[in-house]
1. Residues of the range 98-123 being among the polar types (S, T, N, Q) and over 11 Å from Met161 (Cβ atoms), which ones?
2. Of the numbered conditions (1) out of contact with any Gly (no Cβ under 8 Å at 6 or more places or on another chain); (2) crowded, with 16+ Cβ neighbours inside 10 Å; (3) assigned to a strand (DSSP E or B); (4) of a type outside the set (A, V, I, L, M, F, W, C), Glu25 satisfies every one except a single condition; which is it?
3. Any residue at all in the range 180-199 that's in a strand (DSSP E or B), surrounded by fewer than 22 Cβ atoms within 10 Å (Cβ to Cβ) and within 16 Å of the chain's Cα centre (by Cα)?
4. For Tyr103, indicate whether it is surrounded by 20 or more Cβ atoms within 10 Å (Cβ to Cβ), farther than 22 Å from His203 by Cβ and of a type in the set (Ser, Thr, Tyr).
5. Out of the residues in the range 101-123 that are out of contact with any helix residue (DSSP H, G or I) (no Cβ under 8 Å at 6 or more places or on another chain) and in a loop (DSSP other than H, G, I, E, B), which is modelled with the lowest pLDDT?
6. Out of Val216, Val224, report the one residue that is touching an Asp or Glu at 6+ places or on another chain (Cβ under 9 Å) and free of Cβ contacts under 8 Å to residues at least 60 places away in the same chain.
7. Where in the range 30-98 are the strands (runs of 3 or more DSSP E), entirely inside, with at least 1 residues that are surrounded by fewer than 16 Cβ atoms within 10 Å (Cβ to Cβ)?
8. Considering only the range 133-150, state which residues are in a loop (DSSP other than H, G, I, E, B), modelled with pLDDT under 95 and loosely packed, with under 13 Cβ neighbours inside 10 Å.
Amino acid sequence: MSEIRVEDLSHVYSAGTPFEKAAIEHINITIPQGQLVGLIGHTGSGKSTFIQHLNGLLAPSSGKIFVDGKDINTDKYTRRDVKWQVGLVFQYPEYQLFEETVYKDIAFGPKNMKLSEAEVDERVREAAGFVGVDEELFEKSPLELSGGQKRRIAIAGVIAMRPGVLILDEPTAGLDPAGCRQILDNICAYREKTGSTVIIVSHNMDDAARLADRIVVFDHGSIVMDGTPEQVFSKPEELSAIGLSIPHAAAIAVALRKRGVQLEGSIYTHEQLKAAVIRAKEAGKC
């Protein structure tokens, strides 16, 4: 398992050219082992640049990243090895499937870790089970499968490396509601089973509110809010000012309160909204 600590991290694209652009600036954050963090922010806010530093895909312009107390950019060998410890699933990862069969695609990472054939097989079957990929699909081409199945296979390929940190960039993008729910339930089951740290980048405020222990908000390359879902989503005006919305349940609660319905407690999930409305009705407050 792994703790991440980021100290004064900045990254500048095309430094020293007319196209120089600071993507993130002076990021400081610690993510404890086992926490599920939702990263939110408008397009271009720096979220994707930030997560690509956490497994060494991008090197900092300045600042440091520590995984379990070790600077991941100490040398090229440390930066290479951290990729097994911090797994990153890109947005639309199914476009990166390239092997002949589902089994080979999931096995690609473990094979590159120089594991034995038996260990690779164990990890492939374990990862497939976590994400709901039936072993009957192992010999099929991943290109023949549905979008949701491809997404699960791509996630399984990262999970098969048993990373202490699993990072997912918009894991439900382009999927229908049922597919979204399945993918997110699979991720939560994996986290619960393994105790891994999970970081999810999402534009979906409802998913972030329902799943995350902690919400981190990016804007113009900086962290502007960091707290529990209750703390972050209780500030709708601040979120709106940077182009973000609040969860649907929170918006409905605000509208009901304006109409005189006396809803008690913090409301940012549909379950909380339902319970609050029932309590208000029973108490004659609506």
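The values are calculated or read from the model by the stated rules, or taken from the named source; none is laboratory data. These numbers were taken from a predicted model, which means no experiment stands behind them. Because the Cβ atoms are built from the backbone with ideal geometry, glycine has one as well, and the counts that use them run over all protein chains shown.
1. From the range 98-123, those among the polar types (S, T, N, Q) are 101, 112, 116; that's our starting set.
Within the range 98-123, Thr101, Ser116 meet the criteria.
2. Every condition holds for Glu25 apart from (1).
3. Initial filter on the range 180-199 (in a strand (DSSP E or B)): 197-199.
Next, only the ones that are surrounded by fewer than 22 Cβ atoms within 10 Å (Cβ to Cβ) stay: none.
No, the range 180-199 contains no residue that is in a strand (DSSP E or B), surrounded by fewer than 22 Cβ atoms within 10 Å (Cβ to Cβ) and within 16 Å of the chain's Cα centre (by Cα).
4. Values: surrounded by 20 or more Cβ atoms within 10 Å (Cβ to Cβ): yes; farther than 22 Å from His203 by Cβ: yes; of a type in the set (Ser, Thr, Tyr): yes.
When the stated conditions are applied, Tyr103 passes them.
5. Lys114
6. Values: Val216 fails: free of Cβ contacts under 8 Å to residues at least 60 places away in the same chain.
Matching residue, one of Val216, Val224: Val224.
7. Working: elements: 36-40, 62-67, 86-89.
Of the strands (runs of 3 or more DSSP E) lying wholly inside the range 30-98, those with at least 1 residues that are surrounded by fewer than 16 Cβ atoms within 10 Å (Cβ to Cβ) span 62-67.
8. Scanning the range 133-150 gives Asp134, Ser146.
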